[in-house]
Amino acid sequence: MRYNTRKATILSDGGSLKLLILSPKGTTAQKRPGVLWIHGGGYVVGMPEMVHMSRARNLVIKYGAIVVSPEYRLAGQVPYPAALEDCHRALIYLKEHADELGVRSDQIMVGGESAGGGLAAALCMYEKDIGGVNIAFQMPLYPMIDDRDTKTSRDNHAPVWNTRRNHSAWSKYLREVNGDVPAYAAPARREDYSGLPPAYTFVSTAEPFYAETMAFIDNLRRAGVEAGVDVYPGLFHAFDMMLPCLKVSKQAGAEFDRRFEYAAEHYFAIQDD
């Protein structure tokens, strides 16, 4: 393995919370960006070890980032807000242990794929609203952020993720929500996008989350937030992870790396304490 891996256990609202921590080999006095990377799986499946096949892996190898991946509670066991609570606790760990981890406290970032992207977006909103951890950059890739049917999530029969799976996953995640669904559960319901961290994502046109991803980026831009998106025509959900050897997957990965490199040079968020 081209990087170091270790585990940590912290306290969260559900008891103990396991973290998988990736760091570059070798030692350096220079502190680096810290990234909370949240795995996907429709809020109902998945594990932190998925980080080894994610875009975040390259951030450690190429750029020396420190990546923390939490084993958040899945909706099959405990619905919303358990997953968000766990990600919040993991983010606090990243902030409070920045010196120990070799992380710049002014370059704490969040990202993830699919439901992990949804949690990353929700976490940015939550931290801003409560005056919590200041996040320098967000990378919610093809995020699962709208529990309502959209133009592309309605009657979608694409591989990997489709309308049927989407409805089932949202019903499990939101099963204890009474009344209006909060934006911390489904970030597409947010009305005020001002003050959120700069963002980058990519998405494919044939997958269910295309419309909600584009709306998310549009809303950030209208609020004056720097936000970028790359669109890959005709491909299914998580194509870059499912078929990493495709030319287009390599292209998506290279552009993601370039956007992260830019963020590491330009985006900072000083912590309040």
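Give the lysines reachable from residue 25 as a straight Cα distance under 23 Å; neighbours fewer than 8 places away on the same chain don't count.
Hits, sequence-local ones excluded: 7, 62, 95.
What are the trypsin sites (Lys or Arg not before Pro) within segment 147-219 that DSSP puts in a loop, where the Cβ has at most 13 other Cβ atoms within 10 Å?
148, 151, 154, 175
Pick from 130, 145, 21: which is most flexible by mean-square fluctuation in a GNM of the chain where alpha carbon atoms under 10 Å apart are linked?
Result: 130 has the largest fluctuation of those listed.
Amide H neighbours of residue 227 under 5 Å, at least 5 residues apart or on other chains, H built in the peptide plane: list them.
Counting only residues 5 or more places away or on other chains, the set is 199.
Need one number: % antiparallel among DSSP beta bridges in the chain, to the nearest 5.
Antiparallel bridges make up about 40 percent of those DSSP assigns within the chain.
Using θ = phi - 60° and the Karplus curve 6.51 cos²θ - 1.76 cosθ + 1.60, what whole-Hz ³J(HN,Hα) does each residue of segment 174-179 get, with Gly and Pro shown as x?
Values, residue by residue: 9, 5, 10, 7, 10, x Hz.
Let me know the Kirkwood hydrodynamic radius for segment 121-273, please, with Cα pairs as the basis and the value in Å to one decimal.
With all distinct Cα pairs of segment 121-273 included, I get 16.4 Å.
Please report, to two decimal places, log10 I(q)/I(0) for the chain at q = 0.08 Å⁻¹ as given by the Debye formula with identical point scatterers on the Cα atoms and no solvent.
-0.28
Given springs between every Cα pair under 10 Å in a Gaussian network model of the chain, which of 100, 127, 113 has the largest fluctuation?
100
Quick one: which residues, 5 or more positions from residue 144 or on another chain, have an amide H under 5 Å from its amide H? H modelled 1.01 Å from N in the peptide plane, none for Pro or chain starts.
HN-HN under 5 Å from residue 144: 114, 115, 117, 118.
Working from the alpha-carbon coordinates of segment 1-152, get Rg over Rh, Rh being the Kirkwood radius.
0.95
Consider just the alpha-carbon atoms of segment 38-92 and return their Rg together with their Dmax, both in angstrom.
For segment 38-92, the Cα radius of gyration and maximum Cα-Cα distance read 12.1, 36 Å.
Could you please state, rounded to a whole Å, how far the C-alpha centre of segment 43-74 is from the C-alpha centre of segment 223-245?
Value for the Cα centre distance between the two parts: 17 Å.
Send over a whole-number figure in Å² for the accessible area per residue of the chain, probe 1.4 Å.
43
Between the DSSP loop rule and a limit of at most 13 other Cβ atoms within 10 Å, which trypsin sites (Lys or Arg not before Pro) in segment 7-80 are left?
25
The values are calculated or read from the model by the stated rules, or taken from the named source; none is laboratory data. A quick note: this is a predicted structure, and the numbers were derived from the prediction, not measured. Every residue, glycine among them, receives a Cβ derived from its backbone with ideal geometry; neighbour counts consider all protein chains shown. These accessible areas exclude ligands, DNA and RNA; they are computed on the full protein's heavy atoms, side chains included. Shrake-Rupley method; radii C 1.70, N 1.55, O 1.52, S 1.80 Å.
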